[in-house]
Amino acid sequence: SIASADMDLNQLEAFLTAQTKKQGGITSDQAAVIAKFWKNHRTQIHESLISQSRWDNVLKNMNWRVDLKSQLRHVDQINTPVAIVEMELGKNGQ
């Protein structure tokens, strides 16, 4: 929860306090260790999560257009804009 929310120090303190008060939660000593670890390694943990969740692809090309419907069965749907987006992805360096 701490890493996925990328908590700042105030959020971390509130979260850990809530966890210590929760039945079956953590002890205050465990909260202190977690807080110290997060303060020292927050950047590395955040970067690791980003690299694991990011695609290894790059955007090679993108085309888009907006179409308007000019003839339909129902008059209220005429001139309704529709956006069409086409993205071409490729591997990094290929």
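The values are calculated or read from the model by the stated rules, or taken from the named source; none is laboratory data. In this text, all values refer to a predicted model and were calculated from it rather than measured experimentally. As a convention, Cβ positions derive from the backbone with ideal geometry for all residues, glycine included, and neighbour counts pool all protein chains shown. Protein only, heavy atoms only, side chains kept; ligands, DNA and RNA dropped before computing areas. Shrake-Rupley method; radii C 1.70, N 1.55, O 1.52, S 1.80 Å.
Remarks
- Among His74, His41, the sequence by solvent-accessible area, most first, with a 1.4 Å probe is His74, His41.
- A Cβ-based charge dipole, computed about the Cα centre of the chain with Lys and Arg at +1 and Asp and Glu at -1, lands at about 100 debye.
- As a size descriptor, the averaged projected area of the C-alpha convex hull of region 7-51 was calculated at 3.3 nm².
- Fraction of accessible area attributable to carbon and sulfur, the chain (%, probe 1.4 Å): 51 percent
- Exposure rank, largest accessible area first [Leu49, Leu68; 1.4 Å]: Leu68, Leu49
- Computed extension length for Lys39-Val58: 3.6 nm, one decimal, from 0.36 nm per residue of separation with the Cα-Cα distance subtracted.
- Percent of Cα-Cα distances greater than 24 Å, calculated over the chain: 57 percent
- For the chain, the longest principal axis of the Cα atoms and the long axis of helix 9-21 meet at an angle of about 60 degrees.
- Accessible surface, the chain, averaged per residue in Å² (probe 1.4 Å): 85 Å²
- Against the main long axis of the alpha-carbon atoms of the chain, helix 28-53 sits at an angle near 30°.
- Theoretical gain in end-to-end length, Leu49 to Gln23 [0.36 nm per residue, Cα-Cα removed]: 6.4 nm
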